[in-house]
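I am attaching a structure below and will ask some questions about it afterwards.
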Amino acid sequence: MELRQRYEEDLTLVRGVLGWSALLALLAFLALLPVLAPGYFLYTASLVAVHVVIAVGLNLLVGYTGQISLGHAGFVAVGAYAAGVLATRLHVPWPGAMLGGGIAAAFFGFLVGIPALRLTGPYLTIATLGFGIAVNQVLTNWEQLSGGRTGLFLPKLAIAGVRLRDHHIYYLFAGLAAALVWIATNLVRSHVGRAFVAIRDSDIAAEVMGVNLTVYKTLAFAVSAFYAGIGGAMLAYLLGYLEPQLFTLFESIYYFSMIVIGGLGTIPGSILGAILLTILPQQLAGLKQYLPLVYGATIVLVMAVEPLGIYGRWLRIKLWFKTWPF
Amino acid sequence: MVQDMALLVQYVVVGLAVGSLYALVALGIVLLYRTSRILNFAHGDLATFGTFIAFALLTAWRWPFAAASLGSLLTTAVVGAAFFFLVIRPAKESTLLGKIVITLGLALVLQGATVILWGTGTKILPFPLSDIKVYRLGQVVVSQISVGSFAVGLALMGALYVLVQHTRVGLAMRAVSQDTVAAQVLGIPVKQIFALTWGLASALGAAAGILLAPATLLDPYMMLDPFLKGFAAAVLGGIDSMPGAAVGGLLLGVLEALFGGYVSVKFKTTLAFLIIIAVLVVRPEGLLGREYKRRV
């Protein structure tokens with residue numbers, strides 16, 4: 001049992017030789033992935049990075065603050081189209097377009113957060129679900145914005161006029177995802193994160209203790225939507241084109257399943273869920289007809305056997321070894 | 001002026017016919033939510049599955065329509081009850097979120113099964129009523145199928161009302177929905193009541209699916225939109241109120257028809273959800289729902 005004597009020791013994220021070697025091994029693996037893995041897998045790896053960003057953001061809202069969102073594809077769509085329009089119409093370079101996507105989505109997150117102040121449970125579910133459907137329908141029918149059937153084509157990612165290759169995009173996206181995960185990890189350890197968790201556990205008790213519900217609930221929606229928007233902008237650049245069919249109710253459910261299967265209210269859980277639910281469908285692509293069946297059965301099985309998700313199971317395994325032989 | 005009135009009445013009539021089906025879907029969702037506090041996202045896919053069963057009985061087995069419908073309702077009820085016994089009861093998960101995800105998983109499983117068994121192509125359900133034959137009342141035109149589905153919808157709602165309010169089983173269902181533990185202590189077979197509720201709710205969904213089939217054609221995703229509308233209607237009326245579900249469904253149908261007729265068909269669904277969000281901001285418990293109180 002290690003004893004922490006100073007506040008700084010409690011703040012450190014990585015502890016001990018084991019922690020540092022695990023982190024270094026992970027970084028080395030991520031850095032060497034383009035050499036080790038076949039070329040087509042790099043696209044999947046970049047997609048994993050996109051989904052990690054979206055899932056971490058969604059978990060901040062659902063897992064930490066306890067506010068259901070079944071319309072997250074709507075925020076992703078807002079981010080993607082904002083970035084797309086900034087890049088094609090106004091010729092903003094990609095860092096600006098991505099940031100713009102994130103900010104636009106955060107604004108919509110703030111707007112959805114306002115009715116969410118009064119709604120809970122099924123009522124909040126239908127409100128967010130309605131938002132997702134509304135965004136999808138507006139994009140489908142507002143052709144000047146979305147480019148209609150032909151879709152919206154984005155310029156290729158480039159730094160100083162040099163076009164990025166697949167492995168460059170992978171490094172860029174992995175770096176972005178890592179930075180955003182790091183920010184989220186620190187956010188949930190700060191007073192903001194504690195306020196989120198307090199609202200999840202009991203909003204009335206949190207209010208009594210001096211947590212401003214209006215501020216923190218809308219903040220949770222805005223931050224979560226910001227992550228979704230950045231993820232959407234990354235997705236837009238990764239695919240190179242956008243169409244409204246990329247952001248349907250099914251995608252909202254897909255993102256939602258990631259965090260529940262990975263583990264609600266945990267950052268590592270969101271990452272694990274995003275990895276699993278991105279790679280699994282790609283590997284099962286040969287069984288396309290059976291995909292929904294396998295996918296649904298997996299979700300039901302995980303939920304029936306381990307409600308805390310994959311990360312919850314990992315924590316239990318760790319606990320078992322720690323307390324062994326008892 | 002007279003023409004304007006006739007047009008208005010026409011839209012309202014069309015809206016009521018569609019709304020009665022939304023109300024049926026909503027009733028299934030509310031029935032289950034009241035009893036077991038589960039938002040069943042598989043409701044639409046259970047309904048689709050039931051409709052395909054009816055299709056198979058009608059075409060491959062050549063059953064008469066009434067028998068095929070009955071067979072479909074029973075099969076769907078059994079599937080719903082089986083899902084309760086096999087998954088919901090043994091599952092350790094108890095939060096609202098977790099249960100939503102379980103039913104989402106079931107939705108995918110059922111959708112996958114439907115695709116594998118019947119393919120993704122659209123099919124036509126042989127329906128005894130026609131939508132070409134119409135009745136005229138002055139300038140208002142009503143198709144035979146609208147009249148039929150409205151009548152069946154109302155009849156099913158009435159039957160459900162009688163079942164829940166005036167029978168012993170209904171009393172047990174209401175008791176379970178108010179306090180599960182107290183009901184169990186008083187000797188009500190809670191497990192069976194839950195299974196019965198799952199079965200009833202699923203059968204209601206299948207009935208809505210069969211009535212909708214002539215309008216939407218048959219494909220594995222046919223119930224997605226009606227399910228979302230039904231869900232919205234249930235929330236609009238108040239998710240724990242059965243009269244609320246009926247009122248919410250009819251209201252949503254009429255509003256949609258009016259907006260589609262006078263303003264824009266494209267943004268019909270968007271409007272429906274915006275209205276619901278607006279209503280919920282003013283009345284967070286829905287139109288007829290009871291105010292949500294809890295102990296701190």
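Using alpha-carbon positions, what is the distance between the centroids of region B:109-157 and region A:186-217, in Å?
If we compute the Cα centre of each part, the gap is 50 Å.
Taking each pair of different alpha-carbon atoms in region B:1-143 once, compute 1/r for the pair, average those values, and report the inverse of that mean as the Kirkwood hydrodynamic radius in Å to one decimal.
For region B:1-143, the Kirkwood estimate is 17.9 Å.
In nm, to one decimal, how far is the modelled label at residue B:290 from the one at residue B:4, with both set 7 Å along Cα→Cβ?
Spacing of the two 7 Å Cα→Cβ label points: 4.5 nm.
In addition: In nm, what is the difference between 0.36 nm times the number of residues separating residue B:168 and residue B:181 and their Cα-Cα distance?
Values: separation 13, 0.36 × 13 = 4.68 nm, distance 1.84 nm.
Separation in residues times 0.36 nm, less the Cα-Cα distance, equals 2.8 nm.
Counting only other chains, and only Cβ atoms inside 10 Å, what mean value do you get across the residues of A:111-120?
Numbers: counts 0, 1, 0, 1, 5, 3, 2, 6, 6, 5.
Mean inter-chain Cβ contacts per residue within 10 Å come to 3.
Using a Förster distance of 35 angstrom, determine the FRET efficiency expected from the C-beta separation of residue A:143 and residue A:44, and round it to 0.05. Intermediate results must be reported in sequence, preceding the final value.
On the way: r = 32 Å, r/R0 = 0.91.
The value I calculate is 0.65.
Separate question: Can you compute the radius of gyration and Dmax for region B:164-296, using only the Cα atoms, both in Å?
When restricted to Cα atoms, region B:164-296 yields Rg and Dmax of 17.7, 56 Å.
Further, regarding this structure: Excluding same-chain pairs closer than 8 in sequence, count the lysine pairs in the protein assembly as shown whose Cα atoms lie under 23 Å apart.
Close lysine pairs found across the protein assembly as shown: 11.
Could you compute the FRET efficiency for residue B:263 and residue A:111, with r as their C-beta to C-beta distance and R0 at 22 Å, rounded to 0.05? List each step's numbers first, then the result.
Working: r = 23 Å, r/R0 = 1.02.
Calculated value: 0.45.
Can you put A:253, B:239 in order, fewest other beta carbons within 10 Å first?
Values: A:253 23, B:239 26.
Starting with the residue having the fewest Cβ neighbours, the order is A:253, B:239.
Further question: Considering chain B as a Gaussian network with a 10 Å cut-off on Cα pairs, which listed residue, B:21, B:32, B:160, attains the greatest mean-square fluctuation?
In the Gaussian network model the winner is B:160.
Let me know the Kirkwood hydrodynamic radius for region A:129-183, please, with Cα pairs as the basis and the value in Å to one decimal.
On the way: mean 1/r = 0.0701 Å⁻¹.
It is 14.3 Å.
Which FRET efficiency, nearest 0.05, do residue A:153 and residue A:37 yield, Cβ-Cβ r, R0 35 Å? Numbers along the way, then the final one.
Numbers: r = 28 Å, r/R0 = 0.80.
Plugging the Cβ-Cβ distance into 1/(1 + (r/R0)^6) gives 0.80.
Over what distance in Å are the Cα centres of region A:288-326 and region A:1-44 separated?
Cα centroid to Cα centroid, the span is 23 Å.
Using only alpha carbon positions, build the gyration tensor of region A:40-323, then give the equivalent ellipsoid semi-axes as the square roots of 5 times its eigenvalues, largest first, whole angstrom. Provide the component values of the computation, followed by the final result.
Numbers: eigenvalues 166, 110, 71 Å².
Over the Cα atoms of region A:40-323, the ellipsoid semi-axes are 29, 23, 19 Å.
Just the Kirkwood number for the protein assembly as shown, please: inverse of mean 1/r across all distinct Cα pairs, in Å, one decimal.
Working: mean 1/r = 0.0386 Å⁻¹.
Here the Kirkwood hydrodynamic radius works out to 25.9 Å.
Taking each residue in B:110-120, count the Cβ atoms of any other chain within 10 Å of its Cβ, then average. What number comes out?
Working: counts 3, 4, 9, 4, 2, 6, 4, 0, 0, 1, 1.
Whole-number average of other-chain Cβ neighbours for B:110-120 is 3.
Please state, to two decimals, what the Cα-based radius of gyration of region B:12-282 comes to when divided by 2.2 N^0.38 Å (N = residues). Before the final figure, lay out the partial values.
Working: Rg = 18.4 Å, N = 271, 2.2 N^0.38 = 18.5 Å.
Compactness ratio reported: 0.99.
While we're here: Provide, for q = 0.19 Å⁻¹, the log10 of I(q)/I(0) from a solvent-free Debye sum over equal Cα point scatterers in region B:212-277.
-0.77
Shifting gears a bit: Please give the average number of partner chain Cβ atoms lying within 10 Å of the Cβ of each residue in B:225-235, rounded to a whole number. Intermediate results must be reported in sequence, preceding the final value.
Values: counts 1, 0, 0, 5, 0, 0, 5, 5, 1, 2, 10.
The shielding value for this peptide is 3.
Values in this text are rule-based calculations from the coordinates and carry no lab data. All values derive from a computational prediction rather than experimental measurement. Backbone-built Cβ (ideal geometry, glycine too); neighbour counts: all protein chains shown.
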